[in-house]
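Working notes, structure below.
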Amino acid sequence: MPVQFQTWEYQRALDAVAVDAKELEKLRIRRKFYDGDHWQDGLGWIGPWPNPAEGASTQEAAGIAQLQQEIRRGFTPRNAVKEVISRHVGGVVGIEPRWTFTSDGVQVLSMPRLSLTPRAPRRPAPTAPAPATQTAPPTPTPDEIARREATAAADTARQSRVDRVNALVTAWWDNRGMAQVMLKIARVLLYAETATVRLYIPPRALEDEKQADGTATGRKLLRITSIEDAFSKIHVDVFDPESGRVVVDDATLAEVGIKPYKRGGTKSDPTTERTVIELTYLDEQNRTVLETIDGGTRNSITVDLGGNLLMFSVSREQFLTDEALAAQRACNFANSMIPRNVATGGFLEEIVINAKVPGHWEEKDGRRQYVPDPIVRGAGALNVWQGHELEDSQGNKTMTSPAVLWHDPVDPAPTIKAKREHYGDVLEECQQAHALITGDATASGVSRQQARADFLSSLGHTKSAIERVGRWLIVTVARFADALSTAELRSTITDGLRPVFVCFLDGGPLDAAEREQNRSDVEAGLLSTTSGIERLGIADPDAEIERIEADAEAITNLDLELKRAQVYQAWITAGIGETEAAHRAGLSPEEAARLTTSPQDTPPVQQ
């Protein structure tokens, strides 16, 4: 019997789910990187940042502000963080997970073969007939027959329950778009390290309770008409630790799920907004309690979910490390320098020295000033440059010799290389170096295999977490819907059953060298055909083998038909009747009847 959880007061529950300020800041930074906010109010920029000096004039401060704005406008991030998370998520749940319920004691030997869709059994291999001297099995006694019939009836009833719960949960799974929900769970798990899933009934599903005279009592009722209707009322929420999670009570070691949320308040009057706390925990009878604390008001309901809470938190080791984020910032800086390089150093630079700029003298404000003429650019332009006249101390005058210097555009290759290096650092830090060397002709097959193995190993950490969530999810939603039903509708559909939830890892497409190595291993007998097909990213190798066998059988049948047709035509050319030609070609009587066109044909020769 579980330890009785002593329900918490409002502030204690709020404090228990609060995230440390330093950890909360890291969580928000990682979330912003994934969402595409890499500037982060300037915190994401690691390049030089001009600041006005102390005592700077208004004009100087305005110039610095303009320079800061130019840096912000030229900031060009490349979201490698989202790329590595998306690739990792696709590798774990990109292929929709497969799940089912099974009876206790049934061992699932091969997870990838698990399927809710029945397939036609393969044709058994021919066996030698039993020897004539073999004795017949003994006739079963009436007690044995009764036991077998009882076992068969129990198996049929158990399978009927499995089919029933599978059908109900499958309909709910499809209606709630759970394939996309599983993707969201994996994404939150990667950037936040902890993801929490919550089952709830939205307020819009509740109805106002009314008295006999039609006046509302102020209470809400949940009306359920069938087990299918109960499933339709249940929704799913996924959030990171900032919005709540499952914690452990230090005093009782009992798990309690905590979800604070806002209620009330309007745009015109936000002061009326308040924080309501939702708790879920187990009572002394192992029943699930769902309690809300709204100021001094507490409301709760109790349901039997077999010891499960209505929230489930799962964690994995840190995926987005500080090193990966530092490499992302460096990648953004280098990527931002590429257009800046093009703008400032990408044009041919011309420098004229020892020359007097062409111009003319004008009278302005009582003073004679030299005004330079515009310099003409483009094809056919002519500009005349003269040297400066110089006079030494003895009065001797000389002219300088003008010269023109050309400065080629700055090569952006170092900046581009730096960007690629930092981008590669992000991928390598997240065990995705295989994405860098897939198209690298200089990389060896061993390096590709090692990089892919590292990637698949990292997927395994997330896979185990997602499968835990999946098992909790399908069994809890079934029990929740069952508990919401009335006594007449209640069926305890999951009693004696256990959930099986399987994710299929996808390491991405193989390159030409890896596919050739895979094919060679299968042909050499070092790898089974099933394993070879799985390495190609096909999650259901049995179905693929069946299709291959069906295609081969169809080709064989076609070849046989063509050969029979050739034999038939040869005998017709030799001058015998159509019926005899069909018989000698090995055609069946039905095929021979369809081919026979002349009533004078002789009957087939009896063999």
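When we screen 324, 330 for residues that are crowded, with 21+ Cβ neighbours inside 10 Å and closer than 30 Å to residue 72 by Cα, the only hit is 324.
All conditions in (1) aliphatic (A, V, I, L, M); (2) surrounded by 14 or more Cβ atoms within 10 Å (Cβ to Cβ); (3) modelled with pLDDT under 80; (4) in a loop (DSSP other than H, G, I, E, B) hold for residue 505, with the sole exception of (3). For residue 573, the requirement of being among the polar types (S, T, N, Q) and surrounded by fewer than 11 Cβ atoms within 10 Å (Cβ to Cβ) is met. Only a single item in (1) in the same structural domain as residue 460 (by TED's automatic domain parsing); (2) under 30 Å from residue 178 (Cβ atoms) is not met by residue 217, and it is number (2).
Listed by position, the strands (runs of 3 or more DSSP E) contained in segment 254-348 that have at least 3 residues being over 22 Å from residue 478 (Cα atoms) are 255-263, 274-282, 288-294, 297-303. Once segment 387-416 is narrowed to residues that are at pLDDT below 80 and touching a helix residue (DSSP H, G or I) at 6+ places or on another chain (Cβ under 7 Å), the residue that is surrounded by the fewest Cβ atoms within 10 Å (Cβ to Cβ) is 409. Being surrounded by 14 or more Cβ atoms within 10 Å (Cβ to Cβ), of a type outside the set (Ser, Thr, Tyr) and more than 38 Å from the chain's Cα centre (by Cα) holds for only one residue in 303, 352, and it is 352. Taking residues in segment 44-72 that are in contact (Cβ under 8 Å) with a residue 40 or more places away in the chain, and partners anywhere that are aliphatic (A, V, I, L, M) and part of a helix (DSSP H, G or I), the pairs with Cβ atoms closer than 8 Å and at least 6 places apart or on different chains are 45/71; 46/330; 47/71; 47/337.
Going through segment 173-215 one residue at a time, which ones are of a type in the set (Gly, Ala, Ser), touching a residue at least 60 places away in the same chain (Cβ under 8 Å) and in a helix (DSSP H, G or I)? Passing the criteria: 179, 186, 192. Picking from residues in segment 1-60 that are assigned by TED's automatic domain parsing to the domain that holds residue 324 and at positive phi, the one that is nearest to the chain's Cα centre (by Cα) is 36. Restricting attention to segment 391-414 and to residues that are within 56 Å of the chain's Cα centre (by Cα) and not in a strand (DSSP E or B), the residue that is farthest from residue 339 (Cα to Cα) turns out to be 408.
The values are calculated or read from the model by the stated rules, or taken from the named source; none is laboratory data. Predicted, not measured: the structure shown is a model, and the values here were computed from it. Please note: Cβ atoms are built from the backbone with ideal geometry, for glycine as well, and neighbour counts cover all protein chains shown.
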